[in-house]
Structures are given as structure tokens and as C-alpha cells.
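Heads up: the structure comes next, in C-alpha cells.
The values are calculated or read from the model by the stated rules, or taken from the named source; none is laboratory data. Since the model is a prediction, treat every value here as computed from it, not as a measurement. Ideal geometry is used to build each Cβ from the backbone, glycine not excepted, and the neighbour counts take in all protein chains shown.
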């Protein structure tokens, strides 16, 4: 099979997934894991390092935390281990192998062993050949959807894990808890104007 086609056709976990209570518990369980004692539930050692490096390049630490700081890679491993069926897991494993084989053919080694410059080139090439997300409403696809492939699938999951992490939600994004704090007896003078619905 053509590896390029395999990478293009592997649509694993579209970012338009609706959060379920089980997903929320996965987010919570990632917070308690430290990087030193993390033992992947699904990934092999090489696969885990591949995903960790991939998410670190996509969302590096700057003046805000990066993907590794909020444990996006640990979350991705748990999602795959606990929500993918055997066929989905086998597909992902084949996609990671094809991704690494492509790196070997074009750059001489698997992804985790490439220098930063070559790693970025690999991801730029993957960005070009990956399918795009189509239109959707409330997590459901609208119209024909092209296969997004391994790279865009992992990128989407990394961004999703990053943006919904407690660290980013509370300390980087604007945070306004809803429904907010319950104040049973607040003077009307402190309430202010009525809220507009339009």
C-alpha cells in the first residue's frame, strides 16, 4: 500500500467529538499523572515518544504552557486506550508505523530521532497532504467529509486536550464559570442592568 495514501486515509478521531462524562474523567485522570511515572495504556514506548514529540512541536511552551505541560500526550493515550475499538487502535498503530517509515525514507530515521529542523519539515509536509475538516453542526458532520489522516487527527486531539485543560482554561483563556457563584441574597443595587437577550 502507498504510505502517503495510508496517511491520508487514516481518519482516526475527528476533533468534532462531543464531550461525554467519560471523556471528562479522562481529563481529570491525566492531571494526577507525572511525566516520570507515566506508563502508556495503549502506546508502545516509541509510539508514545512519537506522539509526545509531535504535540510538543505543534504546541510548544512559550510564555504560556505547552502541550506537554498540560499532558496532551497522556490524554491522547488514554482516549485511544479507553474509547477506540480494536480496529481503530490497529489503524492508528499502522498509521504511526507508516508515518515513521515515511520519515525514514525521506530523512533517514524515525520521527523521534530527527533534528528539530527535519521534524518541522515532516509536519509541514503532513499538513499539506492531510485532509481538511468539513462543515459540522454540534459535532455532527454536514455534507461529504474527506479523510483527515493521522497527522491532522493527532493535531486536532492535541489542540482539543490543550484548550480544555484546567491550566489553560483558568490561567490562559478568559475564565467565567457558568452558571457562576450562587449568591442567595444580593442587594438589587449590586446586580446592575438586566441582561440583554438579543
Which of the residues that make up segment 43-59 are crowded, with 20+ Cβ neighbours inside 10 Å and free of Cβ contacts under 8 Å to residues at least 24 places away in the same chain? 52
Given the conditions (1) surrounded by fewer than 23 Cβ atoms within 10 Å (Cβ to Cβ); (2) assigned to a helix (DSSP H, G or I); (3) at pLDDT below 95, and given that residue 62 satisfies all but one, which numbered condition is not satisfied? (2)
I need the helices (runs of 4 or more DSSP H) fully contained in segment 89-192, keeping only those with at least 1 residues that are at pLDDT below 85. 166-171, 188-191
